[in-house]
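Please treat every number below as a calculation from the coordinates, not as lab data. In this text the structure is predicted, and so the values were computed from the model without any measurement. Methodologically, a virtual Cβ is constructed for each residue, glycine included, from the backbone with ideal geometry; neighbour enumeration extends over all protein chains shown.
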Amino acid sequence: GAYEKMTGNVNGKDELAQMERMFNEMMEQLEQNFRKQEQFVSNASHELKTPLTVIESYTRLLARRGFDNREVVDEALTAVISETGRMKDMIEQMLDLAKSGEAQTVEFTEVNLNQLLEGVVKPLRQAYGREIIIEADRKLIVETDGKFVKQLLFILLDNARKYSEQEIIASIYERENDVEVSIKDYGKGIPHVDLPHIFDRFYRVDSDRSRKTGGTGLGLSIAKEIADGLGATLTIDSVVDKGTVARFFIPKKGKTLRDF
Ligand code: ADP
């Protein structure tokens, strides 16, 4: 049009339009991040207030009726200790989340997955007092970041422990384009309606159940973030009263090595 003729610059308008698009996208991203941050702060305050309220009311009960009542003392102290522990876990996990937001460096190296899994599982068998079976048909070495894979395994194994009572099965399978790592339990399972929300921060299927098991609703949202950082896909399949399988798929990048 007239503008191109005047400036003699045929691309000027296109460039301007492209810059405007980029600017708008950037602003949208910033706004989105800001809203997420706001939501997080508001959720976090709410979640931290709950145990604090319990602690406050039990402390008041102690002050009122604790002096000559052993039962009240026991009940109040048990609640205070357990709620304090939950708050501590929550704060620790929030700090982990904040760290993971800060572009923590992902360093890809060749990782022997079988060795890594064995190293994670061995001490947990002891700690959980439960069988954790490892299934793997061959040794697989992939390019990934071992420290993040470990964190991911800890979160998924801990959920399997919290929401089931029988043995846990950890397996590694080679697929066409990726290596599948899965953690399977025969526990309570997750209702179908809850499945779309379980990666949301602070989401718990049943806060009462979760409270008893010391859950915070942050574990899977952290796991999702870690998986994203590794370029891995994280999925959860579950059937109520049958059990749950959490899987993550580590891309092969054409460099997977096998060792029979
Ligand atoms: P939490 O700290 O409460 O375990 P997560 O983010 O790790 O939080 O998990 C979210 C919710 O998903 C849990 O509260 C629990 O209800 C459900 N969940 C996660 N893993 C399992 C599992 N293996 N079996 C049954 N329910 C699970």
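Residues of the stretch 240-250 that are under 18 Å from residue 140 (Cβ atoms) and within 14 Å of the ligand (Cβ to nearest atom): 247, 248.
Screening residue 68 against (1) without any contact (Cβ under 8 Å) to a residue 12 or more places away in the chain; (2) in a helix (DSSP H, G or I) leaves a single unmet condition, (2).
Per the conditions (1) surrounded by fewer than 13 Cβ atoms within 10 Å (Cβ to Cβ); (2) under 20 Å from residue 57 (Cα atoms), the sole criterion not satisfied by residue 80 is (1).
Filter the stretch 144-159 for residues that are farther than 14 Å from residue 181 by Cα and either touching a strand residue (DSSP E or B) at 6+ places or on another chain (Cβ under 6 Å) or within 13 Å of the ligand (Cβ to nearest atom) (or both) and give the result. Result: 158, 159. Of all residues assigned to the stretch 117-138, none qualifies as being within 16 Å of the ligand (Cβ to nearest atom), surrounded by fewer than 15 Cβ atoms within 10 Å (Cβ to Cβ), closer than 25 Å to residue 50 by Cβ and not aromatic (Phe, Trp, Tyr). Only a single item in (1) within 22 Å of residue 40 (Cα to Cα); (2) within 13 Å of the ligand (Cβ to nearest atom); (3) loosely packed, with under 15 Cβ neighbours inside 10 Å is not met by residue 237, and it is number (1).
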